[in-house]
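Report on one structure; see the data block that follows.
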């Protein structure tokens, strides 16, 4: 079934893309807000932010420099305060000083009750951990609660829209770096970003056989889990690549334990070989065609 186009409305509440953003989508009762931590006070008095909902606190880890997120729920309190009040509580909490931006989901018709927000919090946490884009800071796994199958269907539809909105707001928290397709899906597509690329050669530094796989995506080049990479850095290795190799999950045998994204094929190749590398010639298809040759063929075809 073909993917349908979507129309998303982004309202720049402060007239700038770096300020508060309200997001709605055609035929969806949900409402999303992207709020910088420094702008929470500007949201006072907004009725929909005094409702129940689910929120995300985005920031950066001081230890690793990686992306972190805390996912929580906010119910309506006796004083009439909901999401916004909960965000202010987190702002005052010294244990949550890492976050710089919040994204909150609620509804235009005040649809969410305790059961709904518990289910959404549980699903959002599970999806974020499965995607492995962000370190999820939740201390305990939230419970999904008991819901009917009819209610579950409604909430899963809400989640589908929320995934679209979250990506539009700049956080690909629910999207895996790569999605491995089955053979029939690969054969039915004609874009090069569905092709696996390989880098294999004997290392002079360590004597091991480097054997890595990479997939080109719309974001760049992803070196895949299970790749056997060089364990020794060259003296001339670029500082950024050296840092990436130090942060990546690599076992004692040089086997990569996670997918790692790079913006260029040469950076992906340098990560694998531990030094300077030309990704256009190092990465090849299974039949030996280089990435440079593939791109040249595309230019000839006018792709």
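The values are calculated or read from the model by the stated rules, or taken from the named source; none is laboratory data. Because the structure is predicted, anything quoted here is derived from the model rather than measured. Quick reminder, even Gly has a Cβ in these numbers, built from the backbone with ideal geometry, and neighbours come from all protein chains shown.
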Next on the checklist: Looking for something within 15 Å of the chain's Cα centre (by Cα), surrounded by fewer than 20 Cβ atoms within 10 Å (Cβ to Cβ) and touching a residue at least 24 places away in the same chain (Cβ under 8 Å) - is there at least one such residue anywhere in the stretch 80-97?
Outcome noted: no
Checklist outcome for this item: For helices (runs of 4 or more DSSP H) lying entirely in the stretch 73-174, having 1 or more residues that are modelled with pLDDT of 90 or more and under 30 Å from residue 222 (Cβ atoms) picks out 114-131, 149-168
Checklist entry - Residues of the stretch 11-32 being under 20 Å from residue 53 (Cα atoms), in a strand (DSSP E or B) and out of contact with any helix residue (DSSP H, G or I) (no Cβ under 7 Å at 6 or more places or on another chain), which ones? => result 11, 21, 22, 24
Checklist outcome for this item: With criteria (1) within 24 Å of residue 129 (Cβ to Cβ); (2) touching a residue at least 60 places away in the same chain (Cβ under 8 Å); (3) part of a strand (DSSP E or B), residue 65 comes up short on (3)
Next on the checklist: residue 217 - would you say it is assigned by TED's automatic domain parsing to the domain that holds residue 296, surrounded by 14 or more Cβ atoms within 10 Å (Cβ to Cβ) and modelled with pLDDT under 90?
Outcome noted: yes
Checklist entry - Condition test on residue 107, is it under 28 Å from residue 152 (Cβ atoms) and in contact (Cβ under 8 Å) with a residue 40 or more places away in the chain? => result yes
Next on the checklist: Being under 16 Å from residue 84 (Cα atoms) and in a loop (DSSP other than H, G, I, E, B) is the requirement here; does residue 45 meet it?
Outcome noted: yes
Checklist entry - Do you know which residues across the stretch 272-291 are within 11 Å of residue 199 (Cβ to Cβ) and touching a residue at least 60 places away in the same chain (Cβ under 8 Å)? => result 272, 273, 282, 283, 284, 291
Checklist entry - Mind checking whether some residue in the stretch 57-65 is within 20 Å of residue 28 (Cβ to Cβ) and assigned by TED's automatic domain parsing to the domain that holds residue 153? => result no
